[in-house]
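Here's the structure we're looking at; comments come further down.
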Amino acid sequence: MTNHEHEGVVQEATERLRETVDEIKPKLRGWLHAVTVPLAFFAFIVMLVISDDILVRIGVAIFMVSAMMLFGVSAVYHRGTWSDRVKGFWKRFDHANIFLLIAGSYTPFSLLLLTPAHATIMLSLVWGGALLGVLFKIFWIGAPRWLYVPLYLLLGWAAVIYFPEFVDNASTAVIVLLVTGGVLYSIGAVVYGFKWPNPSPTYFGFHEIFHAFTIAAFIVHYIGVSLLAYQQH
């Protein structure tokens, strides 16, 4: 065996070992999102009850459906044991939902805080970006994290384009909640991208921390949207 062939064998064995390690899921993988699904559904009903404006209900529905899709698909994907083909499907669905949740989170804030013209531009931008992100994940599921995590962050902070208008038309509490949610999502994305910290790979690893930040960010944005919905009365 030549040195080149030996290096190839070592590289292949290393890659298989890395894939095997990645397959070993912490015992709590997926449970955080699984528990969140019914709670999010209940929260969705509550918000619809307090909303009596059609525009508010549209924004709320898009926001909450995108969130429940993300948490539900994530729970199914991470809790199940799937064949390679089925796993590939759920993985694509799971990763694509992140782009959809980003756009879904923008929807109620944009509809209720921006002028119709600016809301149209903002939502066209984020939903167009989300669609491109979905296609990106469908056709290149093996893309490196250093490439697609920054895309999540870039789309997530597109609000800076109209941030002064958001500030002018929202209460201080809503703006604080909007920004705080974005920061929490960003921290979670960084944890996911660097796979650190990874406190307990057996029970609660870096991925669980990432999921915890997504839930915290969703709750913060939910409170912000609830305040907006209530203020429309």
Which one of F163, G133, M47 has its Cα pushed farthest toward the positive end of the charge dipole of the chain, where Lys and Arg give +1 and Asp and Glu give -1 at the Cβ?
M47
What are the ³J(HN,Hα) couplings of region 55-63, residue after residue, when phi is run through the Karplus curve with 6.51, -1.76, 1.60 and θ = phi - 60°? Round to Hz, x for glycine and proline.
5, 4, 5, 5, x, 4, 4, 5, 4
Between the helical axis of 31-50 and the dominant principal axis of the chain, each derived from Cα atoms, what acute angle in degrees is found, rounded to the nearest 10?
10
Theoretical gain in end-to-end length, V190 to D84 [0.36 nm per residue, Cα-Cα removed]
35.4 nm
Rounded to the nearest 500, what is the chain's calculated 222 nm mean residue ellipticity when only DSSP H runs of at least 4 contribute -39500 (n - 2.57) each, over all residues?
-28000 deg cm²/dmol
Estimate the FRET efficiency between Q231 and L153 by the formula 1/(1 + (r/R0)^6), using the beta-carbon distance for r and 22 Å for R0, to the nearest 0.05.
0.15
Per residue of region 77-86, what does 6.51 cos²θ - 1.76 cosθ + 1.60 with θ = phi - 60° give for ³J(HN,Hα)? Whole Hz please, x for Gly and Pro, Karplus curve as stated.
5, 7, 8, x, 10, 10, 5, 4, 5, 5
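Read-outs throughout are calculated quantities, based only on the coordinates presented, and are distinct from any laboratory measurement. Not measured: the values here are computed from a predicted model. So basically every Cβ, Gly included, is an ideal-geometry build from the backbone, and we count neighbours across all protein chains shown.
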